[in-house]
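Read-outs: derived from the displayed coordinates by stated rules, not from any lab. Everything numeric in this text was worked out from a predicted model, so none of it was measured. FYI the Cβ positions are ideal-geometry reconstructions off the backbone, even for glycines, and counts take in every protein chain you see.
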Amino acid sequence: MPRTSTIPALAALTAASALIAAPAAAQGKVAGFYKGKTVTIIVGSSPGGGYDTYARLLSRHMGKHIPGNPKFVVQNMPGAGSHRASGYVAKVAPKDGTVIAAVFSGQPLGRVLLPASKLGYDGKKLKYLGSASTDTYNCLVRKDAPAKTFKETFQKQIVVGGTSTRGSSGLMPIMHQNLLGTKLKLIVGYKGSRQIFAAIEKGELHGMCGMNWTSIHSRYKRFLDSGLAHILVQESGVGNPVANKAGIPKTVDFAKSDEHKKFMTTIYSQGQFARPYFVSGAVPAERVAALRRAFMDTWKDKAALADAKKLKFKIDPLEGTKLQKLVDGINALPDSFITKFKKAVEFKGKAGK
């Protein structure tokens with residue numbers, strides 16, 4: 001074989017070697033950074049609720065999937081529908097990949113729900129690692145509530161609790177009032193779902209909206225099993241298969257116009273990213289990529305899945321780049337739509353318990 005014919009082969013081999021070496025070098029760089037470090041997950045809710053429990057499950061297993069195997073700790077920072085925690089991670093916390101936010105599903109809707117001045121951080125610059133699950137949302141009420149069906153809420157008042165007017169537990173009943181004309185009275189200021197359900201059990205509240213199906217059936221199923229409460233309506237465009245089969249109605253079926261239905265489905269889109277996680281946009285790209293891989297690998301981990309099974313948690317993760325694309329799409333909605341949308345979710349009551 002002529003000697004010159006070996007040149008293209010050598011060039012191809014060199015190029016292939018470079019492609020292999022590049023990821024390896026990046027992984028080594030990431031491992032060097034994370035070795036001996038501690039990663040903190042900041043949870044935007046109080047201890048004991050679904051978001052907190054998912055984050056603690058993740059923290060027990062994610063470290064072994066990150067090069068360098070850092071330790072993990074969890075801290076709670078409830079407030080403002082998890083935007084307090086979001087602002088801390090986006091603006092204040094170290095921006096090196098050692099701080100991760102675990103926030104409410106409504107957080108990626110920040111731009112369409114709040115003015116930039118009130119939001120306090122630029123949501124467009126965040127880097128999403130993924131979501132632990134997809135889900136559908138529901139209104140759950142006591143059996144002795146004045147309204148026994150969702151149709152009856154148009155004539156009879158029921159009192160529901162929420163964490164804030166921008167979290168799903170507040171946002172969804174507000175939307176039902178403004179767009180559908182229900183008589184849901186919202187009381188906000190509870191630290192999390194655990195405190196809301198304690199108030200429901202005591203009879204201080206009739207129920208709660210914006211509650212995901214997974215948490216109801218994993219953490220609060222005894223309310224259903226005991227007959228104390230039942231699911232009044234699904235807050236969803238498509239519904240949960242089990243709930244659909246049981247004949248539980250969907251709020252979108254009560255929409256008065258196509259525009260109202262579009263507002264509602266925009267809010268319900270958060271079911272696609274029911275438990276989102278993100279880091280600051282300033283985190284180096286190779287660390288973001290490593291964290292995204294580790295996030296998904298954790299939800300394939302046999303030990304993590306065994307823990308999730310014990311907790312009766314649904315694991316249906318959404319990969320980080322796909323979640324990023326969804327959030328970027330929300331952030332790109334036209335201003336004309338957002339102006340109308342904000343009126344549809346404007347709280348007209350009195351905040352606070």
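Tabulated results
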{"quantity": "Listed pairs LYS37/LYS325; LYS118/LYS342; LYS183/LYS245 exceeding 23 Å between Cα atoms", "calculated": "LYS37/LYS325; LYS183/LYS245"}
{"quantity": "Correct choice for P(r) over Cα pairs in 20 Å bins from 0, in percent that was computed from the model, options (i) 26, 51, 23, 1; (ii) 22, 32, 25, 14, 5, 1, 0; (iii) 30, 52, 14, 4, 0", "calculated": "(iii)"}
{"quantity": "Distant-in-sequence amide H partners of LEU232 (H built 1.01 Å from N, under 5 Å)", "calculated": "CYS139, LEU140, VAL141"}
{"quantity": "Helix 320-331 axis, angle to the chain major axis (alpha carbon atoms, nearest 10°)", "calculated": "50"}
{"quantity": "Qualifying aspartates and glutamates (Cα of each under 18 Å from Cα of LYS156; at least 8 residues distant if same chain)", "calculated": "ASP144, GLU204"}
{"quantity": "Long-range HN-HN contacts of VAL43 with modeled amide H, under 5 Å", "calculated": "GLN75, ASN76, MET77, ALA102"}
{"quantity": "Positive-end residue, the chain charge dipole about Cα centroid, Cβ charges, pick of HIS61, LEU126, PHE273", "calculated": "HIS61"}
{"quantity": "Under 14 Å from the Cα of LYS256 - aspartates and glutamates, other chains or at least 8 residues apart", "calculated": "none"}
{"quantity": "Dipole moment magnitude, nearest 20 debye, the chain about Cα centre, only Lys, Arg, Asp, Glu C-beta charged", "calculated": "460"}
{"quantity": "Extension gain from LYS156 to ASP297, taking 0.36 nm per residue of separation minus the Cα-Cα distance", "calculated": "46.0 nm"}
{"quantity": "Principal-axis tilt of helix 6-34 within the chain, Cα atoms, nearest 10 degrees", "calculated": "50"}
{"quantity": "GLY48 long-range amide H proximity, modeled H, under 5 Å", "calculated": "THR53"}
{"quantity": "Set of aspartates and glutamates with alpha-carbon distance to LYS300 below 17 Å, sequence-local pairs under 8 removed", "calculated": "ASP316, GLU319"}
{"quantity": "³J(HN,Hα), Karplus 6.51/-1.76/1.60, whole Hz, each residue of the stretch 41-53, x for Gly, Pro", "calculated": "9, 8, 9, x, 8, 6, x, x, x, x, 4, 5, 5"}
{"quantity": "Hz values of 3J(HN,Hα) by residue in the stretch 254-260 - Karplus curve (6.51, -1.76, 1.60), Gly and Pro given as x", "calculated": "9, 4, 8, 7, 5, 5, 4"}
{"quantity": "Nearest-ten-degree value, helix 302-311 long axis tilted from longest Cα axis of the chain", "calculated": "10"}
{"quantity": "Gaussian network model of the chain, springs between alpha carbon atoms under 10 Å - residue of LYS185, LYS342, LYS202 with greatest fluctuation", "calculated": "LYS202"}
{"quantity": "Reciprocal of mean inverse Cα separation for the stretch 137-269 (Kirkwood radius, Å)", "calculated": "14.5"}
{"quantity": "Using θ = phi - 60° and Karplus 6.51 cos²θ - 1.76 cosθ + 1.60, couplings along the stretch 71-88 (whole Hz; Gly, Pro as x)", "calculated": "7, 10, 9, 10, 10, 9, 9, x, x, 6, x, 6, 6, 5, 5, 4, x, 4"}
